[in-house]
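Data first, discussion second: the structure below is written as structure tokens.
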Amino acid sequence: MSEPIRVVVTGAAGQIAYSLLYLISKGDVFGQNQPLILHLLDIPPMMGVLEGVVMELTDCALPLLREVIPTDNPEVAFKDVSAAFMVGSMPRKQGMERKDLLAANVKIFQVQGEALDKYARKDVKVLVVGNPANTNALVCSRFAPSIPKENFTAMTRLDQNRAQAQIANKLNVPVGAVSNVIIWGNHSSTQYPDGSHALVKINGTERPVPGEIKDDAWFKGYFLETVQKRGASVIAARKMSSAMSAAKAAADHMKDWFSGLAPGKFVSMAVVSDGSYGIPEDIVYSFPVTLKDGKWSIVKNLEIDSYSKGMMEATAKELEEERVDAFAIINKL
Ligand code: NAX
């Protein structure tokens, strides 16, 4: 058994955390030989609820979970952490404009970025889930200059998992047979779910998905819309936003980042753009990445047709606009 590592989950009294904490604590993310000390951050009015979550974690009797530290203090929450799941954020309320949502969240991610900078390990891996996730990750990184920019990521894995499941369903194969599905851009309705580089394993052989589906209209119509609007469909049906699937995706993202991927496989993560595929630098944009030794690398030189290029540029434009709005808000604070 290794020494315990410290892991923080923010928004720990919320609905995504309720599923995520169990996945982390039973070893699904950091492995069965990695004991954990969980730091749980939420806001003062939620401390009573958080106490209940701590009781339940205790009652799960999980062998890897060595200690649980509930707190409303960012210093305590981020102290010496190796991994940070940034789930906590201000939800969009009725009548709230996107800019109002940005304003509320920019402030939260400024404060938490500063706390990461001061108190976390310098090799901390940060996953932002709270929306607007890509821009929140950018803000968080800006306020944590002593931590490498590459350590800040945002989650598009739920979108990827949704896309993978739709393709598996269409081909009538198990979801695990499908790989290399890409989400480009923002975790918003402008995201571009792209199945054109995906692979499917049939009778032990990997084949390109487009050649098996042979239906371009399906990719540009039903597939695209279903993935882009899945979050809204879940809210319409459940009267609450995706939580179990979001927690699973957060666990997948961090697990792959820590433990790596098989050669030839890639997943989508929103990371700081290096200008690949003509995407502007200095936005947190979802790219296909390979993962090895705790580091991601953007998959280069994929063939991009003009339709894809247009879709990729549109979602980049939205992220550039969000960046302008976010930093205008920060400059006014
Ligand atoms: P909940 O409202 O259930 O939980 C959020 C929690 O965050 C609450 O307990 C709240 O008190 C806490 N919080 C608010 N401000 C905080 C602060 N400053 N510090 C610490 N905690 C704070 O929301 P939930 O359903 O868990 O969703 C959390 C976030 O994930 C939302 O922003 C949501 O939009 C986002 N999502 C992102 C997804 C993605 O793929 N990137 C998908 C799922 C989800 O919609």
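At-a-glance table
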quantity: Odd one out for N131 among (1) more than 14 Å from the chain's Cα centre (by Cα); (2) modelled with pLDDT under 95; calculated: (1)
quantity: Any hit, segment 254-271, residues being touching a residue at least 12 places away in the same chain (Cβ under 8 Å), farther than 17 Å from Q191 by Cα and aliphatic (A, V, I, L, M); calculated: yes
quantity: Qualifying position, being surrounded by fewer than 19 Cβ atoms within 10 Å (Cβ to Cβ) and either under 17 Å from the mean Cα position of the chain (by Cα) or modelled with pLDDT of 95 or more (or both), among L319, L302; calculated: L302
quantity: Subset of segment 218-238 that is within 12 Å of the ligand (Cβ to nearest atom) and more than 17 Å from Q160 (Cβ to Cβ) - its residue that is most open to solvent (accessible area, probe 1.4 Å); calculated: R238
quantity: Options L50, L38, L64: the member that is within 16 Å of the ligand (Cβ to nearest atom) and either at pLDDT below 95 or closer than 20 Å to M254 by Cα (or both); calculated: L38
quantity: Test: A104 is of a type in the set (A, V, I, L, M, F, W, C), surrounded by 14 or more Cβ atoms within 10 Å (Cβ to Cβ), in contact (Cβ under 8 Å) with a residue 60 or more places away in the chain and in the same structural domain as S19 (by TED's automatic domain parsing); calculated: no
quantity: Residue list for segment 168-190, filter: crowded, with 20+ Cβ neighbours inside 10 Å, touching a residue at least 40 places away in the same chain (Cβ under 8 Å) and in contact with a helix residue (DSSP H, G or I) (Cβ under 6 Å, 6 or more places away or on another chain); calculated: V181, I183, W184, G185, N186, H187
quantity: Where a residue in segment 119-132 is within 13 Å of the ligand (Cβ to nearest atom) and its partner, wherever it lies, is of a type in the set (F, W, Y), with Cβ under 6 Å and at least six apart; calculated: L127/F85
quantity: Test: residue in segment 246-264 that is within 14 Å of the ligand (Cβ to nearest atom), in contact with a Pro (Cβ under 6 Å, 6 or more places away or on another chain) and open to solvent by less than 20 Å² (accessible area, probe 1.4 Å); calculated: no
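For (1) among the hydroxyl-bearing types (S, T, Y); (2) near the ligand (Cβ under 10 Å from one of its atoms); (3) within 23 Å of the chain's Cα centre (by Cα); (4) open to solvent by less than 30 Å² (accessible area, probe 1.4 Å), each residue gets a yes or a no:
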position	(1), (2), (3), (4)
A12	no, yes, yes, yes
A17	no, yes, yes, yes
I69	no, no, no, no
V76	no, no, no, no
I108	no, yes, yes, no
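The values are calculated or read from the model by the stated rules, or taken from the named source; none is laboratory data. Given the structure is predicted, the values throughout are model-derived calculations rather than measurements. Reconstructed Cβ throughout: ideal geometry from the backbone, glycine too, with neighbour counts over all protein chains shown. Just the protein is used for accessible areas: all its heavy atoms, side chains included, with ligands, DNA and RNA removed. Shrake-Rupley method; radii C 1.70, N 1.55, O 1.52, S 1.80 Å.
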